[in-house]
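Some notes on the structure that comes next.
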Amino acid sequence: MANPPSNGCPSGSEHRHEAPVYYECPSCLYLTPDKGFPGDGQPCPACGSTEGPRRIVPADRLRRFDQRIRDYHVEGEHEIVVILVATLLETVFEDILSRMMQARGADLEVIKLVLDTERSVGLRLGRLFPTMAGETFENVAAQLGYNEFPRRWRAMRAERNAFIHGESFDDPREALDAKSACEAMALLDQAYDLFVSINNRFVAGIPVTKARRRPSR
């Protein structure tokens, strides 16, 4: 995959200018970057439905959040970038878990209950995801071509936690530097593609009843 264009990264690394745009099939939640997908009558490649409208993913509020992070990165606000990327990745991962539960028949109340019960991202990755996927997050990421993503994501969360909760860690971080911020931005760019691939593998193609359909945002 070609590197996305540079966005003025202080370290000269290549990052996207903005969050990517995906279009969602309302019938089975398939996601695609194909700009022709919202067109009238084009069948979904996963379920064959021509139903619309096909909304844009990520939602507007997350796109604004993403853009704010990219602005902070250009401005050299390294600590803010790492903290906010960690938060956004956990939010997007929660959305993937919600979709996986929805595809298996859970209604919105059940999904909310499960996610409220399993609030730790570590437990969500180590227990909730494998329960629904039938295999570990690490294995799925490797199969989709993102072998190093789980390890790098863990490392970034550890850096964030050591900075915020320094006194509770054996190796507290007094600062987060440009290298940490660039790594966070690289993970953010990869995360969109990985999570869409997970969605299309474990969610798309399974019809979603109108009673369980995701609300428009």
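None of the figures in this text is laboratory data; all of them are computed from the coordinates on show. Just so it is clear, the structure is predicted and the values come from calculations on it, not from any experiment. FYI the Cβ positions are ideal-geometry reconstructions off the backbone, even for glycines, and counts take in every protein chain you see.
Near residue 44, within a Cβ-to-Cβ distance under 9 Å, what is the net charge of the other residues, with Lys and Arg +1 and Asp and Glu -1?
That works out to 0.
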Sorted by chain and number, the residues with a modelled amide H under 5 Å from that of residue 49, at a separation of 5 or more or across chains, are 44
Please list, in order along the stretch 77-93, the HN-Hα scalar couplings obtained from phi with the Karplus expression 6.51 cos²θ - 1.76 cosθ + 1.60 (θ = phi - 60°), rounded to whole Hz, x for Gly and Pro.
8, 4, 5, 4, 4, 5, 5, 6, 5, 4, 5, 5, 4, 5, 5, 5, 5
Would you kindly state how much longer the chain becomes between residue 132 and residue 40 on full extension, computed as 0.36 nm times their sequence separation minus their alpha carbon distance, in nm to one decimal?
29.8 nm
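Return 120, 49 ranked ascending by Cβ neighbour count within 10 Å, so the fewest neighbours appear first. Display every interim value, and only then the final one.
Working: 120 11, 49 15.
In order of increasing Cβ crowding within 10 Å: 120, 49.
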Using alpha carbons only, how many degrees (0 to 90, rounded to 10) separate the axis of helix 60-74 from the longest principal axis of the chain?
20
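What is the stretch 22-212's relative contact order, in percent, from Cα pairs under 8 angstrom and six or more apart in sequence?
After rounding, I find 32 percent.
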Going highest first, how would you order 25-37, 188-200, 106-118, 123-135 by mean Cβ packing within 10 Å?
188-200, 25-37, 123-135, 106-118
Subtracting the Cα-Cα distance of residue 147 and residue 60 from 0.36 nm times their residue separation yields 28.4 nm
Treating the angle as unsigned and between 0 and 90°, give the value, to the nearest 10°, between the Cα long axis of helix 178-202 and the longest Cα principal axis of the chain.
20
Applying 1/(1 + (r/R0)^6) with R0 = 25 Å to the Cβ-Cβ distance of residue 71 and residue 178, what FRET efficiency is obtained, to the nearest 0.05?
0.95
